[in-house]
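What follows draws every value from the coordinates through simple rules; no lab data is involved. Quantities reported herein were computed from a predicted structural model and do not represent experimental measurements. Note: ideal-geometry Cβ built from the backbone for every residue, glycine included; neighbour counts use all protein chains shown.
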């Protein structure tokens, strides 16, 4: 039986490190959020389009995802549908440059884990990512960090 695990299986990498798919058209956001995810002890897997994200989801084990509200070939609603149709319980954080209550409510109703607006606050991102990892069953909360500085500990499988 072939089991998909949200941990890296690539040679030379820590098999206990979950992967986070970052679907972000903005290069600045990609750099900022890759760093924030890595600080939490998670391996970022950046991509810039919806199609690329679908390809990565099909071939890589993803533990959580961050998606920009607007992409060149779709938007966060398309990505949330793709995650839902994958049948995998991947928590998705929607990222936006605009503070828009309607957008926030729509994202949450469609199943997003959370919604963040630029400028991203490091402490807020760590809190949100830690919660998403906990929801995905990849981290214990409130224990010393095994990796990174988010204050959580990855489950031992």
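Annotations
- Our note on the geometry: Cα centres of the range 59-80 and the range 84-103, 8 Å apart.
- Prolate/oblate/rounded label for the range 18-143 (Cα gyration tensor, a/c 1.5): rounded
- Each of the peptides 94-101, 128-135 was scored by the mean count of other Cβ atoms within 10 Å over its residues; in descending order, highest first, they stand as 128-135, 94-101.
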